[in-house]
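> Questions regarding the structure given below will be posed in turn.
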There are 4 protein chains.
Amino acid sequence: MIAVGVIGHGYWGPNLVRNFVEVPDVRVAWVADPRQDRLSAVAARYPSTKVTRNYRDVIDDPAVDAVVVATPVRTHFELGMAALQAGKHVLIEKPLAATSEEASRLLDEAERRRLVLMVDHTFVFTPAVQKMRELTERGELGEIQYYDSVRINLGLFQQDVNVLWDLSVHDLSIMDFVLERRPVAVSATGLAHVAGSPENIAYLTMFFDGTLIGHVHVNWLAPVKIRRTLLGGSRRMLVFDDLEASEKIKVYDRGISVVQSTDDLNLMRIGYRTGDMWAPQLPIHEALRAVADHFIASIRTSGVPVTDGRAGLRIVRLLEAATESMAKRGRPVQIGAAARV
Amino acid sequence: MIAVGVIGHGYWGPNLVRNFVEVPDVRVAWVADPRQDRLSAVAARYPSTKVTRNYRDVIDDPAVDAVVVATPVRTHFELGMAALQAGKHVLIEKPLAATSEEASRLLDEAERRRLVLMVDHTFVFTPAVQKMRELTERGELGEIQYYDSVRINLGLFQQDVNVLWDLSVHDLSIMDFVLERRPVAVSATGLAHVAGSPENIAYLTMFFDGTLIGHVHVNWLAPVKIRRTLLGGSRRMLVFDDLEASEKIKVYDRGISVVQSTDDLNLMRIGYRTGDMWAPQLPIHEALRAVADHFIASIRTSGVPVTDGRAGLRIVRLLEAATESMAKRGRPVQIGAAARV
Amino acid sequence: MIAVGVIGHGYWGPNLVRNFVEVPDVRVAWVADPRQDRLSAVAARYPSTKVTRNYRDVIDDPAVDAVVVATPVRTHFELGMAALQAGKHVLIEKPLAATSEEASRLLDEAERRRLVLMVDHTFVFTPAVQKMRELTERGELGEIQYYDSVRINLGLFQQDVNVLWDLSVHDLSIMDFVLERRPVAVSATGLAHVAGSPENIAYLTMFFDGTLIGHVHVNWLAPVKIRRTLLGGSRRMLVFDDLEASEKIKVYDRGISVVQSTDDLNLMRIGYRTGDMWAPQLPIHEALRAVADHFIASIRTSGVPVTDGRAGLRIVRLLEAATESMAKRGRPVQIGAAARV
Amino acid sequence: MIAVGVIGHGYWGPNLVRNFVEVPDVRVAWVADPRQDRLSAVAARYPSTKVTRNYRDVIDDPAVDAVVVATPVRTHFELGMAALQAGKHVLIEKPLAATSEEASRLLDEAERRRLVLMVDHTFVFTPAVQKMRELTERGELGEIQYYDSVRINLGLFQQDVNVLWDLSVHDLSIMDFVLERRPVAVSATGLAHVAGSPENIAYLTMFFDGTLIGHVHVNWLAPVKIRRTLLGGSRRMLVFDDLEASEKIKVYDRGISVVQSTDDLNLMRIGYRTGDMWAPQLPIHEALRAVADHFIASIRTSGVPVTDGRAGLRIVRLLEAATESMAKRGRPVQIGAAARV
């Protein structure tokens, strides 16, 4: 039986608790949150779970094996580090930390202590993204040429982080998992429409070696909700629309072929190929449950999670670079080779 | 009776001829094109129109009042200038010229000779864009906060200009007309997937004074066709989907309001407003016919076309700046104040 | 404090319990169900609610004021009658009973004892249907000309009732509420694709006095899920698409006008009117909560519920007539004037 | 060289002329129409085609090999019969004639004279319907269980025939071609919303031997345009949406399986199967061109057209039966065995 303590029971915490409760041979020993009303709700629903307003109660409890941190980003480092130092395995909400410096130190601490450090990049565990990875790995799409994502809606404006840190982190983690390639530079642009608040609309381009480009549009101020990702490959192209009830993934047998002109050797002719479309049936399960299962399995087998601290650090470095570029109206920011590993 | 000569009868020329033929008191006197098969088609369909493989026949004919140039971009300057110097009014396909230098010289020549110089920014004449302008001007949308457009499909790759010059020119001309504000800087990113060809995927951000931002995604290598523009305003937000059969324009009574917190004067709270959606009925007419009518009317009244040489020049300058920025992976390029007028 | 007992905790029962629990000054005193595992779930979640496998425990408890029946249709009569005879107010799942004879007797018993008898026609309490009623009542749509609904998906096949009794009951209750007119005859067709099972695909036409017609297509064996209703009026037409996340209701300012020809007095010319489309913002609340509130309010005020026993009886009579017609391949079945009141 | 004469140049005639002109070794010798303005348009566009207001000029011209009749339904018989009696092959717009009596006589005349008689059931020649037939024939869908079609929009009201004769004829001809089975009875309902005009909304059910049912909803008074057909099979189900730009046909690997319960031999359990969706790429060609090619090829090879007089007669008989049933509010009308051949 693995005992889990959850720190933070705001927007995402209740989902984490609900899922961990259902993992076999796992118990949610503690929930910590500064607000009493939230703790009362937990107590009513999960009578065997202890609640506290002081997160140290969770970390100091020797019966606790693992700690889940679901608090605002600026507190991830302090809480995560305290938990690691107390010898606990740690799962932290995305993004892993507020700076790459903090993320690095968490990573080092976990490695030194041989503890599991996992970041909750939930999308990586969705059936749709798993299918994207499978198709990409098997070569069904050919060489990947671009990743283009639009992730926009009205709300929820955040006070402490810009929209890139809130929304683009989903795409960065999907790309990190599906493409298995690391950007060498980023260029970002954006704007804050509320004075004194962080940017609420942003555009992020990622450059890679070779002919791969990534782009993400994130926006808290859009009249319509869109969650649509294009993955362009040399053999096939894929559209992932997360708002589709079924058929979230559509694979198009479309593309171009470059033909040397027979008349003029210097001239290339582009041929267009338009074939069938195919929407694979996806398994139906809650991604967060898979996150919980994977975290627990990593603890049990001393394995490295798919979304480990290194993945978390890579994403934080990209977010830092993007924020820096955005402040300079798109001036590209290089990602050092070290930062890519 | 105004006599029009059309130079270039490839993809767009036939549409121009078909529309000018129907303008009252206008006759299409000449069609010039290097390919004989195209000329034969014209001769069969319009027996009273003369055809020639030599464009000088059109320009040298004293009976011709106006010349329409529908040839590849690199030839716009030479043909347009020759026509102006022969004293003809000129309508040129978008973009106006291959460089801002060329565009400027066309503009100067037309002004010096008091001839009409118009660029065929067709989208400006669509009922949907006219409605966008009307709603914006009347203040129905409040202060405009962003323009975001996705204009992607599979094909047609062009050999001599990148995808910005082909597709984003539509959005640049729509913004120029609807917003009546000029960008102060641009940042663009993009990639060519075919070696030796221009960029086929590109992202362009436009910065303005104040809290307005513009962005365009153009792509010749997309599995699906998308033509969707968001226009975010402080009062209402609008979606223009050009692929909708009806309801191309949807106006959403949605947005945010910023409320000073009563508890903490330093804290702002964002309120979200979600109201009705409204799709105004649009008149049904072919935009290109309106282009033809407007060109002829400008000649008759010695008026300045809405899409005059200055508008054409502004767009070419943006395309140049965007291409320069794209070569530098998004490094922002300033647009001089002179270039904005 | 009103004490409610819920009999039946299968598919719909848990939703009823969850909603009644939240109504102020109401407590769910009992839940009865033959399956122990369901009762255990209730006990865990609602410690203060008593559970039993014997529904008589609920009905015989003098502390119980009202009984909610959420069991298979064939048992509605027996349970509802027992509850009424024990002096309880009763809310019964749709359809009210398995035959109009049973429904009539429930109705009589409730009236004799001055008890509230309500049927859970949930759709009547959705914001979308409330809006349809409001627009119809205010004359915004003009004279209603037709109601056309498609309600299809894959599953869930039922063993004891045909697809009309399962799915079309939603439309019959919406029509009953929105149109406030009663069909004078019905014609239905349908088929069973599984030998020995009831019809899984059915088409039902309802005839009214004057120029109003209703039609419903219900189907358990469709590859796609569709929930779309057209409400045609002489002034405007409405589309209700229940699968739309927002904009469930769209009102089209479209229609025809009949013009006497000036040339030929015997000839009519039809003019077509195409105007704006408008999607009113709908309030967001759970319909079932409104059902619970309305049932409790009816008890407190001795009021007649909107979906009272008479409404339940009218719908059951239509279902009986439709089933009879369907067995005769569409032969129309009259609805007696008495049955319409 | 086959000489074709076209009688009727209103809505559909110009499309027929345009397509026949392009068939190799075919010339359009004549166009007849009572309106002079239409004939002038033909003369301008096709200088080598003779025009006349008197259809007898076409029929009496010994140089004419084949006559195409594109006039109002009530004139099909007279014109078609005259052409056949003059020894011409005949192609007639759908529906073949105004009554089955007329259709029979046309059929007999053509057979007696060994002339080609074809009806222009255009939809049969669309790539989408050809694909439906191919998939059905190959058994990809299993046993067909139902055909369900919605074909609605605003306009165009017709004065002489009801909406079934105008719109459902498309579905009847598709079913005739794809299913290769003949209905044994029909039941139809409908209503006229304009006094003195034929029915503008109608619902038609077709009964077959075994577990196949067909249904069509046609409507001239709908706020939205819908062209969607479901074809349910025991192995797979298909959706044909003619308004989709691409992906008109989607094949769903979905359905049910009936499992005998192991607990109770009298009880069946339904299992649901949900698999991939697949949208085959369809060739792009104009269906009417295929109609023209097929008519000419039938003449050249003395072949029997796919949509021959018998097919035309079958559809007219169904329309007559449906109209009879509609007048009786759905009372089923049997289709005699003779009428089905």
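The values are calculated or read from the model by the stated rules, or taken from the named source; none is laboratory data. Note that the coordinates shown come from a computational prediction; the quantities given were computed from them, not determined experimentally. Because the Cβ atoms are built from the backbone with ideal geometry, glycine has one as well, and the counts that use them run over all protein chains shown. Just the protein is used for accessible areas: all its heavy atoms, side chains included, with ligands, DNA and RNA removed. Shrake-Rupley method; radii C 1.70, N 1.55, O 1.52, S 1.80 Å.
> Not counting ligands, DNA or RNA, and with a 1.4 Å probe, what is D:THR75's accessible surface area in Å² rounded to the nearest 10?
D:THR75 has an accessible surface of roughly 40 Å² with all protein chains in place.
> Going 7 Å from Cα along the Cα-Cβ axis for the label, what nanometre distances separate D:ARG273 from the same residue across the other copies?
Computed spacing set for this position: 3.1, 5.1, 5.4 nm.
> Any chance you could list the semi-axes, whole Å, largest first, of the equivalent ellipsoid that the Cα gyration tensor gives for segment B:96-225, using √(5λ)?
Gyration-tensor ellipsoid for segment B:96-225: 25, 22, 15 Å.
> If you plug each phi of segment A:331-337 into the Karplus form 6.51 cos²θ - 1.76 cosθ + 1.60 with θ = phi - 60°, what whole-Hz ³J(HN,Hα) values come out, in order, with x for Gly and Pro?
Listing the rounded values in order: 3, x, 10, 6, 10, x, 4 Hz.
> Starting from the Kirkwood radius over alpha-carbon pairs of segment C:1-157, derive D by Stokes-Einstein at 37 °C in a medium of 0.692 mPa s and give it in µm² s⁻¹.
The Stokes-Einstein estimate is 192 µm²/s.
> Can you pull out the buried accessible area for chains D and C, both sides counted, probe 1.4 Å, rounded to the nearest 100 Å²?
Between D and C, the summed buried area is about 4700 Å².
> Given Cβ point charges of +1 (Lys, Arg) and -1 (Asp, Glu) and nothing else, what value in debye, to the nearest 20, does the dipole of the protein assembly as shown about its Cα centre take?
That gives the protein assembly as shown a dipole magnitude of about 0 debye.
> Another question, then. Over all directions, how big on average is the projection of the convex hull of the alpha-carbon atoms in the protein assembly as shown, in square nanometres? Walk me through the numbers before you get to the answer.
Details: hull surface 225.5 nm².
Averaged projected hull area, Cα only: 56.4 nm².
> Quick one: P(r) of segment D:88-143 from all Cα-Cα pairs, 5 Å bins, percents rounded to integers, in order of increasing distance.
All Cα pairs, binned at 5 Å, distribute as 4, 17, 18, 15, 13, 14, 13, 5, 0 percent.
> Using the Cα centre of chain B as origin and beta-carbon charges of +1 (Lys, Arg) and -1 (Asp, Glu), tell me which of B:SER149, B:LEU172, B:LEU79 is placed farthest towards the positive end of the dipole.
In chain B, that residue is B:LEU79.
> In what order, largest first, do C:SER234, B:SER168, B:SER104 sit by accessible area if the probe radius is 1.4 Å? Before the final figure, lay out the partial values.
Values: C:SER234 50, B:SER168 0, B:SER104 30 Å².
Sorted by accessible area, descending: C:SER234, B:SER104, B:SER168.
> Now a separate question. For segment B:183-192, just list the computed ³J(HN,Hα) in residue order, Karplus coefficients 6.51, -1.76 and 1.60, θ = phi - 60°, integers in Hz, with x standing in for Gly and Pro.
Each residue of segment B:183-192 in turn: x, 9, 7, 9, 9, 9, 9, x, 7, 9 Hz.
> Taking B:GLY336 in one copy and the same position in all the others, each labelled 7 Å out along Cα→Cβ, what are the pairwise distances from the first, in nm, shortest first?
Between copies, matching label points for B:GLY336 lie 4.0, 9.1, 9.4 nm apart.
> In segment D:220-341, carbon and sulfur make up what percent of the accessible area (probe 1.4 Å)? Could you put the intermediate results ahead of the total?
Numbers: 2860 of 5490 Å².
Here it works out to 52 percent.
> May I ask you to derive the FRET efficiency for B:ARG45 and B:ASP160 from their Cβ-Cβ distance with R0 = 22 Å, giving the value to the nearest 0.05?
FRET efficiency, B:ARG45 to B:ASP160: 0.15.
> Among the listed pairs C:LYS225/D:LYS250; A:LYS250/D:LYS250; B:LYS248/D:LYS250, which are separated by more than 18 Å between their Cα atoms?
From the list (C:LYS225/D:LYS250; A:LYS250/D:LYS250; B:LYS248/D:LYS250), the Cα-Cα distance tops 18 Å for B:LYS248/D:LYS250.
> Give me the residues in segment A:297-341 whose solvent-accessible area, probe 1.4 Å, is reduced by at least 40 Å² once all protein chains are included instead of the chain isolated.
A:ARG329, A:ARG331, A:PRO332
> Take segment D:1-67, compute every pairwise Cα distance, and split them into 10 Å bins from 0; I just need the percent in each bin.
It works out to 24, 60, 16, in whole percents.
> Taking a 1.4 Å probe, which of B:THR229, B:THR126 shows the most accessible area, and what order do the others take after it?
So the residues, ranked largest to smallest area, are B:THR126, B:THR229.
> Positive end of the charge dipole of segment B:47-154 (Lys, Arg +1 and Asp, Glu -1 on Cβ, about the Cα centre): tell me which of B:THR99, B:VAL67, B:LEU115 has its Cα farthest that way.
Final value for the positive-end residue is B:VAL67.
> Right, another one. On alpha carbon coordinates alone, what is the Rg over Rh value for segment B:154-302, Rh being the Kirkwood radius? Intermediate results must be reported in sequence, preceding the final value.
Working: Rg = 19.9 Å, Rh = 18.8 Å.
Value, to two decimals: 1.06.
> Amide H to amide H, which residues 5 or more places from A:ARG254 or on other chains are under 5 Å from it, using H placed in the peptide plane?
Amide H neighbours of A:ARG254: A:MET237, A:GLY275.
> Would you mind telling me the antiparallel percentage of the DSSP bridges in chain B, rounded to 5? Numbers along the way, then the final one.
Numbers: 44 of 72 bridges.
Counting DSSP beta bridges with both partners in chain B, the antiparallel share is about 60 percent.
> Over segment B:169-211, what percent of the accessible surface lies on carbon and sulfur atoms, probe 1.4 Å?
Carbon-and-sulfur percentage of accessible area, whole number: 46.
> May I pose another question? Would you kindly work out the equivalent ellipsoid of chain D from its C-alpha gyration tensor and give its semi-axes, the square roots of five times the eigenvalues, largest first in whole Å?
Sorted largest first and rounded, they come to 38, 22, 19 Å.
> Now for a different question. Where does each of B:TRP165, D:TRP278 land when they are ordered by accessible area, with a 1.4 Å probe and the largest first?
D:TRP278, B:TRP165
> Using a probe radius of 1.4 Å on heavy atoms only, what accessible surface per residue do you get for chain C? Whole Å² is fine.
I get 39 Å² per residue for chain C.
> Also: Binning at 5 angstrom from zero up to the longest distance, how are the C-alpha pair distances of segment C:154-226 distributed in percent?
P(r) over segment C:154-226, rounded to whole percents: 3, 16, 25, 22, 15, 11, 5, 1.
> Moving on. From other protein chains only, count the Cβ atoms within 10 Å of every residue's Cβ in C:217-229, then give the mean.
5
> How large is the charge dipole for segment C:154-301, taken about the Cα centre, if only the Cβ atoms of Lys, Arg (+1) and Asp, Glu (-1) carry charge, to the nearest 20 debye?
240 debye
> Computed over the Cα atoms of segment A:194-257, what is the ratio Rg over Rh, Rh following Kirkwood?
Radius of gyration over Kirkwood radius for segment A:194-257 works out to 1.07.
> Compute the label-point distances linking C:ARG300 to its equivalents in the other copies; points lie 7 Å from Cα along Cα→Cβ; give nm, one decimal, shortest first.
Shortest to longest, the spacings are 5.1, 7.2, 8.3 nm.
> How much of B:LEU288 can a 1.4 Å solvent probe reach, expressed as accessible area in Å² and rounded to 10?
10 Å²
> Report the calculated FRET efficiency for A:SER246 and D:VAL259 (r = Cβ-Cβ distance, R0 = 35 Å), to the nearest 0.05.
Taking R0 as 35 Å, the efficiency between A:SER246 and D:VAL259 is 0.90.
> Okay, moving on. Segment A:165-198 to segment C:40-108: how many Å between their Cα centroids?
Computed from Cα coordinates, the inter-centre distance equals 55 Å.
> I would also like to ask the following. Determine ³J(HN,Hα), in whole Hz, for all residues of segment A:245-254 in sequence, where each value follows from phi through the Karplus function 6.51 cos²θ - 1.76 cosθ + 1.60 and θ = phi - 60°; x replaces Gly and Pro.
Coupling constants for segment A:245-254: 5, 10, 6, 5, 10, 10, 10, 9, 7, 9 Hz.
> Further question on the same structure: Evaluate the charge dipole of segment C:6-113 about its Cα centre and quote only its size in Debye, nearest 20, assuming +1 on the Cβ of each Lys and Arg and -1 on the Cβ of each Asp and Glu.
320 debye
> Among B:ALA337, B:MET277, B:ALA290, whose Cα projects farthest towards the positive end of the dipole of segment B:237-341, with charges put on the beta-carbon of Lys, Arg (+1) and Asp, Glu (-1)?
Sorting the options by dipole projection puts first B:ALA337.
> At a probe radius of 1.4 Å, what is the per-residue accessible area of C:PHE208, in Å² to the nearest 10?
So the heavy atoms of C:PHE208 present about 10 Å² to solvent.
> Collect residues whose amide H, placed 1.01 Å from N in the peptide plane, falls under 5 Å from the amide H of C:VAL31; neighbours closer than 5 in sequence don't count.
Under 5 Å from the amide H of C:VAL31: C:VAL6, C:LYS50, C:VAL51, C:THR52.
> Suppose we consider the axis relating copy C to copy B; can you name the residue of C with the nearest Cβ and state that distance in angstrom as an integer?
C:TRP278, 3
> Determine, from the Cβ-Cβ distance of A:VAL21 and D:GLU143 and an R0 of 51 Å, the FRET efficiency 1/(1 + (r/R0)^6), rounded to the nearest 0.05. Each step should come with its number before you reach the end.
On the way: r = 47 Å, r/R0 = 0.91.
Between A:VAL21 and D:GLU143 the formula returns 0.65.
> Then there is this: Helix-only mean residue ellipticity at 222 nm, chain C, DSSP H runs n ≥ 4 weighted -39,500 (n - 2.57), per residue, nearest 500. What is it?
Calculated mean residue ellipticity at 222 nm is -9500 deg cm²/dmol.
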